[in-house]
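*Asks:* Take a look at the following structure, please.
The values are calculated or read from the model by the stated rules, or taken from the named source; none is laboratory data. Bear in mind that the values here come from a model prediction, so they are computed numbers and not experimental data. Quick reminder, even Gly has a Cβ in these numbers, built from the backbone with ideal geometry, and neighbours come from all protein chains shown. These accessible areas exclude ligands, DNA and RNA; they are computed on the full protein's heavy atoms, side chains included. Shrake-Rupley method; radii C 1.70, N 1.55, O 1.52, S 1.80 Å.
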Amino acid sequence: MKKNLKKKLTTIKEFINQSIGEWKSIRSTHSLAFQEFENTNSVIKISYFDNDQTVKNVINQFNYKFKIQTCFSVNISWRAESSWSTDNSKKTNQTLLIFSPRDIRSGIIFRDKGYAESIHSTSEYILDDNSELNIITTYSETLSEERIWFLSENVRSRYSVVKNKTHNSILQTSFSTEIRKIIN
């Protein structure tokens, strides 16, 4: 019998610890609404964020009662080059994710900027029995479902689908493969 080489991640903190670092991302996006296809190459940096005042300011915009001691924050920044770009420029951006766990596998994520819509948003997350992080975000016009999992210690995959909230129609799907930059 073949031994499973993938480490079982049983808590959200273990999953995030495994995600910290710099990643090269190759993403394919299918815009079903416009029948377009986009390829994007990105460099993504994921790091812990320790500014309690910034975290409080973001969470206060949601009128949510929380214990700062149980929350932890992650900053994600990226530099992306898209096949849709006509000027060959690289786009940069970042977002702050604040995890407020209900238990060791589920909770709420507060975002200063959303994935499908660039607005403050909250997401429900759960780390399932297969060590896959599932994130559902409801925006004003759309619903985003994401799934992130590790293929190995230094390779992860991410799948997302964006739906129209009113008609439940699928607007966009994407799939990413992310490879960690190894520093010797």
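*Asks:* Within segment 140-149, which residues are part of a strand (DSSP E or B) and open to solvent by 10 Å² or more (accessible area, probe 1.4 Å)?
*Replies:* THR142, LEU143, GLU145, GLU146, ARG147, ILE148, TRP149
*Asks:* I need the full set of residues from segment 122-145 which are more than 25 Å from ASN63 (Cα to Cα) and touching a residue at least 24 places away in the same chain (Cβ under 8 Å), in order please.
*Replies:* Listed by number, the residues that qualify are LEU127, SER131, LEU133.
*Asks:* Hey, could you check segment 71-97 for residues that are within 17 Å of SER123 (Cα to Cα) and either aliphatic (A, V, I, L, M) or in a loop (DSSP other than H, G, I, E, B) (or both) and say which is modelled with the lowest pLDDT?
*Replies:* The extreme case among them is CYS71.
*Asks:* So ILE44 clears everything in (1) modelled with pLDDT of 90 or more; (2) closer than 24 Å to ASN164 by Cα; (3) aliphatic (A, V, I, L, M) except one condition, right? Which one?
*Replies:* (2)
*Asks:* Please determine, by comparing only the residues of segment 47-69 that are open to solvent by less than 70 Å² (accessible area, probe 1.4 Å) and at pLDDT 90 or above, which one is farthest from ARG27 (Cα to Cα).
*Replies:* PHE49
*Asks:* Just to be sure I understand the filter: pairs with C-beta atoms under 7 Å, separated by 6 or more residues or on different chains, first member in segment 46-65 and farther than 18 Å from ILE16 by Cβ, second member open to solvent by 50 Å² or more (accessible area, probe 1.4 Å). Which pairs pass?
*Replies:* What qualifies is GLN61/HIS120; PHE62/THR122.
*Asks:* Go through (1) modelled with pLDDT under 90; (2) hydrophobic (A, V, I, L, M, F, W, C); (3) assigned to a strand (DSSP E or B) and name the single condition PHE110 misses.
*Replies:* Here PHE110 clears every test but (1).
*Asks:* Only one of these is among the β-branched types (Val, Ile, Thr), under 14 Å from the mean Cα position of the chain (by Cα) and buried (at least 18 other Cβ atoms within 10 Å of the Cβ): THR137, THR95. Name it.
*Replies:* THR137
*Asks:* Still on this structure, please answer the following. Name every residue in segment 115-139 that is hydroxyl-bearing (Ser, Thr, Tyr) and either in a strand (DSSP E or B) or at pLDDT below 95 (or both), in order of residue number.
*Replies:* Residues satisfying the conditions are TYR115, SER118, SER121, THR122, SER123, TYR125, THR137, THR138, TYR139.
*Asks:* Separate question: Which one of these does ILE104 not meet: (1) part of a loop (DSSP other than H, G, I, E, B); (2) of a type in the set (A, V, I, L, M); (3) within 29 Å of PHE37 (Cβ to Cβ); (4) over 17 Å from the mean Cα position of the chain (by Cα)?
*Replies:* Failing condition for ILE104: (3).
*Asks:* Consider only pairs whose beta carbons are under 6 Å apart and that are at least six residues apart or on different chains; among these, list those whose first residue lies in segment 16-31 and is within 21 Å of SER174 (Cα to Cα) and among the hydrophobic types (A, V, I, L, M, F, W, C) and whose second residue is modelled with pLDDT of 95 or more and in a strand (DSSP E or B).
*Replies:* TRP23/ILE44; TRP23/GLU178; TRP23/ARG180; ILE26/THR177
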